[in-house]
Amino acid sequence: MRRKGRFFVLEGIDGSGTTTQVERVRERLAQQGFLVRSTCEPSKGPIGSMIRQLLEGRLLAAGNQAPGWASMALLFAADRLDHVAAEIEPIVAAGGIVISDRYDASSLAYQSVTSHGDSGALDWIRDLNRYALRPDLTVVLDVSAAHAAERRRSRGEEAELYEKSEIQQALAIFYSELPAHMPRDRVVVIDGSGSVDEVTARVLSEITQVVSS
């Protein structure tokens, strides 16, 4: 695809604030006159809808169990390619801006962390996603696992598949080191603590540098 617009991704552990910040940044950019769309993964397409049911425990794999890490990696990769074709590429090709709440960094993080130390997991997940459109910038909201857990508790929602303390602690470490895991991509890790406005300002600062370049 010949790129005219920009594609940004926000990443972080559950409760880091990615969903909130994606919408706030979209609003700020729209106010500045940009054609901008927010989106998320899992997507709202058919594969993404199935993934959401699996994450919430409303759908189980064979043997009435949660699917394994490899199965989830395959599902996310398939959903991602559909997501790119249906929602991301058309806007970027038209010169607009797309901001996604999660992308393939989430697959690298969540599926490798739950792979029980499989040494080939990261490379295999990267290979699954080799045809995924590369973001212009991935911004990681760095929040401690304890802080994020408190945010999740305040929402009063049922815990999802990966919302276990030991998994979230491992994910927090992985995300803090994401630039090393994705050396070919432009990745920045920013402080995700503080007020919502403070975090929005930090995210916008990073994105604006790319938009104006």
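Between Arg130, Arg52, Arg26, find the one with the highest GNM mean-square fluctuation for the chain; connect C-alpha pairs within less than 10 Å.
Answer for the Gaussian network model of the chain: Arg130.
Measure nothing fancy, just the Cα-based angle from helix 69-83's long axis to the longest principal axis of the chain, in degrees from 0 to 90, nearest 10.
That helix lies at roughly 30 degrees to the long axis.
Springs between alpha-carbon atoms under 10 Å, Gaussian network over the chain: tell me which of Gly192, Gly156, Gly45 tops the mean-square fluctuations.
Gly156
Counting only protein heavy atoms and a 1.4 Å probe, tell me what percentage of the chain's accessible area is made up of carbon and sulfur. Provide the component values of the computation, followed by the final result.
Values: 5200 of 10400 Å².
Here carbon and sulfur together make up 50 percent of the probe-accessible area.
For the Cα atoms of the chain, what angle does the longest principal axis make with the long axis of helix 165-176, in degrees from 0 to 90, nearest 10?
40
Nearest 500 deg cm²/dmol is fine: what mean residue ellipticity at 222 nm does the chain get from its DSSP H runs of n ≥ 4 alone, each adding -39,500 (n - 2.57), divided by its residue count?
Numbers: 9 runs with 95 residues, N = 213.
That calculation yields -13500 deg cm²/dmol at 222 nm.
What is the distance in Å between the Cα centroid of the stretch 73-118 and that of the stretch 162-211?
16
Angle, helix 46-55 long axis vs. longest principal axis of the chain, Cα atoms, 0 to 90°, nearest 10?
50
Quote the charge dipole size of the stretch 42-147 about the Cα centre in Debye, to the nearest 20; the model charges only the Cβ of Lys and Arg (+1) and of Asp and Glu (-1).
Numbers: 8 positive and 12 negative charges, 38 e Å.
Magnitude of the dipole: close to 180 debye.
Packing-wise, with mean Cβ within 10 Å as the measure, how do 113-120, 102-109 rank, highest first? If you can, show how the numbers build up before the last one.
Working: 113-120: 13.1, 102-109: 24.8.
Most protected by this proxy first, the peptides run 102-109, 113-120.
Please build a GNM for the chain, connecting alpha carbons under 10 Å apart, and tell me which residue among Val92, Val143, Val196 fluctuates the most.
Most flexible of the set in this elastic network: Val196.
What is the magnitude of the charge dipole of the stretch 73-209 about its Cα centre, with +1 placed on the Cβ of each Lys and Arg, -1 on the Cβ of each Asp and Glu, and no other charges, expressed in debye to the nearest 20? List each step's numbers first, then the result.
Details: 13 positive and 23 negative charges, 30 e Å.
So the dipole magnitude of the stretch 73-209 works out to roughly 140 debye.
Compute the accessible area per residue over the chain, keeping the other protein chains in place, probe 1.4 Å, unit Å². Write out the running numbers ahead of the final one.
Details: 10400 Å² over 213 residues.
Value for the chain: 49 Å² per residue.
The values are calculated or read from the model by the stated rules, or taken from the named source; none is laboratory data. The shown structure was predicted, so the numbers you read here are calculated from the model rather than taken from an experiment. Because the Cβ atoms are built from the backbone with ideal geometry, glycine has one as well, and the counts that use them run over all protein chains shown. Heavy atoms of the whole protein, side chains included, go into the accessibility calculation; ligands, DNA and RNA do not. Shrake-Rupley method; radii C 1.70, N 1.55, O 1.52, S 1.80 Å.
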